[in-house]
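> Before I ask anything, here is the structure I am working with.
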Amino acid sequence: MMSFNDIQINFSQLNHLLSQHEKNAFKYLLENGIFCTTCNDYCKYGISNYKIYLDRYNDLKVVGECTFCGQEVSQVMEFGENESFFRKAVQFKNTMAIHLSQP
């Protein structure tokens with residue numbers, strides 16, 4: 001479930017925020033770390049139709065569908081604890097705020 005403090009980001013923005021090591025971790029978590037409560041297991045076949053959000057804690061939230069059963073799944077990936085990622089996320093949010101405030 002998305003909150004009002006979540007900002008949807010695209011893959012280009014995600015690429016800018018993540019280091020190569022973080023990209024590998026994100027890919028691993030995306031493929032192996034999202035739990036489906038309907039299947040009562042991790043999404044063995046991955047997820048589809050997913051969107052990525054930067055949440056208020058500067059963590060990444062992924063919301064999509066379990067490829068096996070089609071139920072909505074979500075997972076918070078705690079990248080905000082990494083100082084480098086946190087700084088990039090704050091800078092990104094500040095840039096977005098400036099763009100949104102301009103007429």
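> Going by amide H atoms built from the backbone, whose H comes under 5 Å of the H on CYS36, apart from near neighbours?
Close amide H contacts, sequence-distant or interchain: ASP41, TYR42, CYS43.
> What is the angle, in °, between the Cα long axis of helix 83-101 and the longest principal axis of the Cα atoms in the chain? Nearest 10 is fine, range 0 to 90.
70
> Please list the non-local residues whose amide H lies under 5 Å from the amide H of MET77, H modeled 1.01 Å from N, same-chain partners needing a gap of 5 or more.
Under 5 Å from the amide H of MET77 lie the amide H atoms of LEU60, LYS61, VAL62, each far enough along the sequence or on another chain.
> Something else now. Treat each spin label as a single point 7 Å out from the Cα along the C-beta direction, and report the SER19 to GLU78 distance in nm.
Going from the SER19 label point to the GLU78 one covers 1.8 nm.
> Pop a pseudo-label 7 angstrom from the Cα along the beta-carbon direction at both CYS69 and ARG56 and give the gap in nm to one decimal.
3.0
> So, one more: Using a/c under 1.5 as the rounded threshold, could you call the chain rounded, prolate or oblate? The axes a ≥ b ≥ c are square roots of the C-alpha gyration tensor eigenvalues, and prolate needs a/b larger than b/c, oblate otherwise. Walk me through the numbers on the way to the answer.
Numbers: a/c = 2.43, a/b = 1.69, b/c = 1.44.
Cα axes put the chain in the prolate bin.
> Take the Cβ-Cβ distance between TYR42 and ARG87 as r, set R0 to 25 Å, and report the resulting FRET efficiency rounded to the nearest 0.05.
0.20
> Treating cross-link reach as a plain straight distance, find the aspartates and glutamates whose alpha-carbon is under 15 Å from the alpha-carbon of LYS88, omitting any fewer than eight places away in the same chain.
Within the straight-line limit of under 15 Å, LYS88 reaches these aspartates and glutamates: GLU22, ASP55, ASP59, GLU78.
> Would you mind checking the tilt of helix 20-32 against the longest principal axis of the Cα atoms of the chain, expressed as 0 to 90 degrees and rounded to 10?
Between helix and principal axis, roughly 30 degrees.
Only the coordinates and a few stated rules stand behind these numbers; no lab work does. These figures come from a predicted structure and were not determined experimentally. Backbone-built Cβ (ideal geometry, glycine too); neighbour counts: all protein chains shown.
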